[in-house]
1. Are there helices (runs of 4 or more DSSP H) fully within segment 69-129 with at least 2 residues that are among the acidic types (Asp, Glu)? List them.
2. Of everything in segment 292-334 that's in contact (Cβ under 8 Å) with a residue 60 or more places away in the chain and touching a helix residue (DSSP H, G or I) at 6+ places or on another chain (Cβ under 6 Å), which residue is farthest from residue 103 (Cα to Cα)?
3. Checking residue 226 against (1) among the small types (Gly, Ala, Ser); (2) at pLDDT 95 or above; (3) surrounded by fewer than 19 Cβ atoms within 10 Å (Cβ to Cβ), which test does it fail?
4. Looking at residue 317, is it modelled with pLDDT of 95 or more, open to solvent by 60 Å² or more (accessible area, probe 1.4 Å) and either touching a Gly at 6+ places or on another chain (Cβ under 9 Å) or part of a loop (DSSP other than H, G, I, E, B) (or both)?
5. Which count do you get for residues in segment 229-262 that are of a type in the set (Gly, Ala, Ser) and more than 20 Å from residue 290 (Cβ to Cβ)?
6. May I ask you to verify whether residue 288 is in contact with a Pro (Cβ under 8 Å, 6 or more places away or on another chain) and in a loop (DSSP other than H, G, I, E, B)?
7. Of all residues being of a type outside the set (S, T, N, Q) and open to solvent by less than 10 Å² (accessible area, probe 1.4 Å) in segment 60-82, which is nearest to residue 108 (Cα to Cα)? Just the residue, please.
8. In segment 34-76, what residues are within 30 Å of residue 182 (Cα to Cα) and either in contact with a Leu (Cβ under 6 Å, 6 or more places away or on another chain) or at pLDDT below 50 (or both)?
Amino acid sequence: MSHPTASGPRPNTRELTGVARLLRRWGLVMLLASCSGPEREEVPTTNRGAAGESQPGLVRVATFNIKELSTGKLTSTDAEGRGLDEQARGAAEIVQRVEPDVLVLNEIDLDSSHPEDPSLNARRFAEAYLATGLHPVRYRYAFAAPSNTGLLSGFDLNGDGRVATEADRGTREHGEDAFGYGIYSGQYAMAVLSRFPLDSAGARTFQLFRWSKLPGNHMPRGHFPADADSVLRLSSKSHWDLPVVVDGDTVHLWVSHPTPPGFDGPEDRNGRRNFDEIRFWLLYLEDSAALVDDAGRPGGYGSTAPFVIAGDLNARPADPAVVYDDVSAIDQLLGHPRIQDPTPTLRRSAEFLGGVRVDYVLPSWNLDVLGGGAFDPDPDEDPEAARLAEAASDHRLVWADLALE
């Protein structure tokens, strides 16, 4: 199995333990304005200085599910190495407008032809698309790790009477018998780009952690084939705890992309899995001894350092369709006293189902929130930007500005 990688030198780290006081100390003013209602937030003036660098102690974290950001799109370049795919170029322009310091990417392929280099496609996006154009942004650091998507389980998980093999690559049958849905290995994976150093050696990944080992799990008993329960993995992609070094202090980025609920039957296997993939972060925060990472290290977080949960979590607030233990999937996090919601009035981060909120940047209680929102322009006020957002993805980039001491 390939190990997680990050470009750039390995940093020396120390963990942040204080609560940020930069707003009060510097007398900074939050530039957050409503656009056409509480669900649409205008991106505030960037916190960059004249040289393009972040001001000390300030960090903008964003998550963006760029629909099917495939290897083919990422390798489509001109003679100068500039990206040619129109959708990817549109997504890159949005990133260039928002200028996040740390960017979580969902639905980006892992290049299966280079398993030794999981972050290759993230670097391709950074170099061919983000670092080109009229307003280039540059990310020195990239991180990715193996994903369960498209990785065949060896079991008939969809109940069609046959076990998918590599001969089924490219078909729904392949995807439905994989540990995480994908019609080929590495589809719909994840990556992180950052202006700040990423401590890849200190990262923890939980790709291999079994669903049945999660305390209080909600696996549909008797639904999967005999013996499959003993090998099925919790993460449809993976769960990462990635340390990010911000001006000498460490903030932990908790990244995941749970399976969407639905696309199943009365057993609710996907709804149950979505609930438990989100529940993983609660157990991680509680330092559960039952959790074991891919390196064999047991236990959860066990730290007072700040963290940020980020990604397309495929869960709507107060969703009545996915309720276990008397709480909906995402409300496990939104209602937790050690987790903040920077955009409680945000109603939409994706187009489907008439517009839903499923993408999140959720900082821990010991970070100061300056603002946050989604790049979702009102078509009546800015039709060009609205068309850009629609062409780039069926999701919207979601961001939060945070202050560190």
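The values are calculated or read from the model by the stated rules, or taken from the named source; none is laboratory data. Keep in mind it's a predicted model, so treat the numbers as computed, not measured. Reconstructed Cβ throughout: ideal geometry from the backbone, glycine too, with neighbour counts over all protein chains shown. Note: areas computed on protein heavy atoms with side chains; ligands, DNA, RNA excluded. Shrake-Rupley method; radii C 1.70, N 1.55, O 1.52, S 1.80 Å.
1. 86-98
2. Among those residues, the one meeting the criterion is 324.
3. So the condition that residue 226 fails would be (2).
4. For residue 317, the condition - modelled with pLDDT of 95 or more, open to solvent by 60 Å² or more (accessible area, probe 1.4 Å) and either touching a Gly at 6+ places or on another chain (Cβ under 9 Å) or part of a loop (DSSP other than H, G, I, E, B) (or both) - is not met.
5. 2
6. Considered against the rule, which asks whether it is in contact with a Pro (Cβ under 8 Å, 6 or more places away or on another chain) and in a loop (DSSP other than H, G, I, E, B), residue 288 comes out as yes.
7. Top of the filtered list is 69.
8. 62, 64, 76
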